[in-house]
């Protein structure tokens, strides 16, 4: 098999492609290759696209490493979400034994809302500061339709611990829509570290159920 060397220079690569295409047998394949080569972008357009792609890749890499923190006004609950909105960690204050089930559950919800706001604000800042990347986005009608489908879904996914200590509910995107402690005096009778761990595990399980459903839904929609 003949070994091909690929030049570094963009125009040289296109020219080599044309020479290789000329050696193809006449027919639909060669015609298709010629059409593709004729549509090859100019060096300027190619380099601009490559630069945009490199910047976008760096931004995505940075985003995937970020965590978004939130707490409630009384600093009863602290939590961190990753860039997709998945729960990374949840910690409750040792003072929860002075508070009711409802007060602590509300603190978890408020902390989640604050972390989601931080995540959304970061994405908006990226869009404003890199408007040229947003403008260069290739239209994706099908992708937009799927995002709208997910955003408008009324499906909810709940998980309750086996001993009914607590229950969490999330939507199809994995966002927390409800959290409750079910056992009377749960915040008084359960050590705060254990309470934090079990609350976090409950939310994660609900998110896993939502993620499984989302995967099925997108697989069906994409055929």
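The values are calculated or read from the model by the stated rules, or taken from the named source; none is laboratory data. For clarity, every value in this text was computed on a predicted model and none was experimentally measured. Note that we place each Cβ from the backbone using ideal geometry, even for glycine, and neighbour counts take in every protein chain shown.
Checked against (1) under 19 Å from the mean Cα position of the chain (by Cα); (2) at pLDDT 95 or above, residue 167 passes all but a single condition, namely (1).
Scanning region 87-115 for residues that are closer than 21 Å to residue 208 by Cβ and at pLDDT below 95 gives no hits.
Let's see how each residue does on (1) out of contact with any strand residue (DSSP E or B) (no Cβ under 9 Å at 6 or more places or on another chain); (2) surrounded by 12 or more Cβ atoms within 10 Å (Cβ to Cβ); (3) part of a helix (DSSP H, G or I):
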residue	(1), (2), (3)
89	no, yes, no
103	yes, yes, yes
113	no, yes, yes
119	no, yes, yes
124	yes, no, yes
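Sort out which residues of region 181-219 are outside any helix (DSSP H, G or I) and either free of Cβ contacts under 8 Å to residues at least 12 places away in the same chain or in contact with a helix residue (DSSP H, G or I) (Cβ under 6 Å, 6 or more places away or on another chain) (or both), and write them in order of number.
Going through region 181-219, the residues outside any helix (DSSP H, G or I) turn out to be 181-185, 190-191.
Correct list: 181, 191.
For residue 174, the conditions (1) under 16 Å from residue 204 (Cβ atoms); (2) in a loop (DSSP other than H, G, I, E, B); (3) out of contact with any helix residue (DSSP H, G or I) (no Cβ under 6 Å at 6 or more places or on another chain) are fulfilled apart from (3). Cβ-Cβ distances below 8 Å connect the following pairs, each with a first residue in region 117-128 that is under 9 Å from residue 68 (Cβ atoms), a second residue that is part of a helix (DSSP H, G or I), and a separation of six or more residues or different chains: 122/63.
Report yes if some residue within region 154-165 is part of a loop (DSSP other than H, G, I, E, B) and surrounded by 15 or more Cβ atoms within 10 Å (Cβ to Cβ); otherwise report no. Even if it seems obvious, please write down each step before you answer.
As a first pass, look at region 154-165 and keep what is part of a loop (DSSP other than H, G, I, E, B): 154-155, 161-165.
This time we only want the ones that are surrounded by 15 or more Cβ atoms within 10 Å (Cβ to Cβ), so: 161, 165.
Yes - at least one qualifying residue is present in region 154-165.
When residue 96 is tested against (1) surrounded by fewer than 16 Cβ atoms within 10 Å (Cβ to Cβ); (2) part of a helix (DSSP H, G or I), just one condition goes unmet, and that condition is (1).
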